[in-house]
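Contents: one structure, followed by commentary.
The values are calculated or read from the model by the stated rules, or taken from the named source; none is laboratory data. Note that the coordinates shown come from a computational prediction; the quantities given were computed from them, not determined experimentally. Using ideal geometry, Cβ is built from the backbone for each residue, glycine included, and neighbour counts are taken over all protein chains shown. Accessible surface areas use protein heavy atoms only, side chains included; no ligands, DNA or RNA. Shrake-Rupley method; radii C 1.70, N 1.55, O 1.52, S 1.80 Å.
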Amino acid sequence: MQNYFNHRLNLFFMISRLRRIRESRNFILLGSILLAIFLSALDQTIVATAVPKIIQELGGLRFFSWIFSAYMLTFVASIIILGRLSDIYGRKRVFILGIVVFLAGSVLCGISGNIFELVIFRGIQGIGAGAIMVCAMASIADIFPPAARGKYQGLIGASFALASVIGPAVGGFLTDSISWHWIFFINIPLGLIAIYGLHRNFPSTKPHSHSLDILGSALLVSAITLFVLFLILGGSPGWEWGSPMLIALLAASIIVTAAFILAEKRAKEPVMPLYIFRNDILVASSISMIFLAPAMFGTITIMPLFFQGVAGESAISSGFLLVPFTLAVAASSAVTGQVISRTGKYRIAGITGQVIALSGAVLLATINANTSFALVIAYTVILGVGAGSSFPMFTIAVQNAFDRNHIGIATSSLQFFRTLGSMAGISIYGSIINMTTGHMDTISGAGEAGRIALANSIHYAFILGAVFSAVALLAVLMVRELPLRASHDEPVLVDMGIELAAEEGTFSPETEPLLVKK
């Protein structure tokens, strides 16, 4: 009897120690994931602030959208594939590899000597960012059950908030005081810290026995590339809308997309299983994200042009003027995540957010060269509050609608359509700006006529953004409300506490079945 009591007492202390170790490692792991998200968010806000100076130094306003589109092209083309690879080979491997690729792209961007090199290297960055985003979001879903994810969506919102405050200010300071090249080098120390934290604390998982859908992956990348080139080139010299070359490009993208769908129906393990789109929550959320994303990310890319090209502000000033918008997005996302977690309801948050976002988009469509800074900033904040309130809802709703075996592909699919919408919107905005400004080469030196032309082009772009926001509101009304699950159907990450004990040699899960969650 005494031996039995001692055994149970030792077991109790061992479990307590394992829980402390697990909580400590979970805390560091969560911090590393948030740092990786912060790294990706920081890059977006820094680059947006520096783009006008980059264009002025390297030339080519007509390539304005390419700096963003190249990044988003590789991001959206790789995110589905990387999400699938993380399911097969484990989040840790793909996550760390993604950060390494992102840092390599950052170094190459920093040493770029012309606009074409910068565009190519931004594409490399996009591949790494795709892995970072899908693995970060899926890891949060792996670790925490749906009912608790709202709180951690709040932490993700806080990461974006911090990046929103620091990014424009740091980007403007580096651009004005040193050189725009340094906006990319700043990623290096942050990325190395994130890699170390993930390597030390993320549980390793054995690769699953799966076959890779090479044909489907190749067709998916080809279809996306052709479609994005259609959007980017449309309206540029030699590629006027309606020109035979442009129509041929669109036709090719449609044909390759059809081939991709046929290949996925026949694939043993498709890179994008078509059956997941039988889920109406994923479909409605994806449609809404496609149209909401360009309204938000279009604002991030266009406003620096307005502040610097129309209002004549410096890069650092335009960075600070962009802070209220990006801070509104992140802060409202954090608050909404907490509300969803506490109430268990997500649909009302999405609808309310979309109504607010539409209001802000309509107000932004009224700005012109004489609109005061106070009004412009107020309008961007309204849009930011609405967009930020909607984003947590989509991630939580979609992840809650799938079992944990499909969380990776469901999350990456949602991110895919969000980025596709951003990319399409920014490309279309870039075409509008190019056509209405007469393909100006820089934003400076064009005088009052150039300033007015740029202001008018931004006005037209925001009108389109308002239309996008209206469609997003209609789509979010179709998202059903499902009760948020309070726990996973299966142990998360093979129960991290058991893994830690096995690593330390304290016990074997096979001989201690009482510690295994049933």
Any residue at all in region 185-196 that's open to solvent by 50 Å² or more (accessible area, probe 1.4 Å), under 23 Å from the mean Cα position of the chain (by Cα), without any contact (Cβ under 8 Å) to a residue 12 or more places away in the chain and within 30 Å of residue 57 (Cα to Cα)?
yes
Pairs only if they're at least six apart or on different chains, beta carbon under 6 angstrom, first in region 457-485 and open to solvent by 50 Å² or more (accessible area, probe 1.4 Å), second small (Gly, Ala, Ser); list them, first residue then second.
463/365; 478/284
Give just the number: which of (1) modelled with pLDDT of 75 or more; (2) closer than 30 Å to residue 483 by Cα does residue 144 not satisfy?
(1)
Determine which single condition residue 222 fails, assuming it passes every other condition in (1) of a type in the set (S, T, N, Q); (2) open to solvent by 20 Å² or more (accessible area, probe 1.4 Å); (3) modelled with pLDDT under 80.
(3)
Result of the Cβ filter at 9 Å on region 245-268, keeping first residues that are within 13 Å of residue 230 (Cβ to Cβ) and partners that are modelled with pLDDT under 90 and of a type in the set (Asp, Glu), at least 6 apart or interchain, is 246/240
Output yes when any residue across region 124-137 is assigned to a helix (DSSP H, G or I) and either in contact with a strand residue (DSSP E or B) (Cβ under 9 Å, 6 or more places away or on another chain) or over 27 Å from residue 394 (Cα atoms) (or both), and no when none is.
yes
Picking from 258, 284, which residue would you name as being aliphatic (A, V, I, L, M), closer than 24 Å to residue 83 by Cβ, open to solvent by less than 30 Å² (accessible area, probe 1.4 Å) and part of a helix (DSSP H, G or I)?
284
Mind listing just one residue for me: the one in region 261-273 that is assigned to a helix (DSSP H, G or I) and not basic (Lys, Arg) and, of those, farthest from residue 220 (Cα to Cα)?
262
Residue that is open to solvent by less than 10 Å² (accessible area, probe 1.4 Å), at negative phi and in contact with an Asp or Glu (Cβ under 9 Å, 6 or more places away or on another chain), where the choices are 102, 95
102
Using the structure shown, decide if residue 276 is open to solvent by 30 Å² or more (accessible area, probe 1.4 Å), aliphatic (A, V, I, L, M) and in a helix (DSSP H, G or I).
no
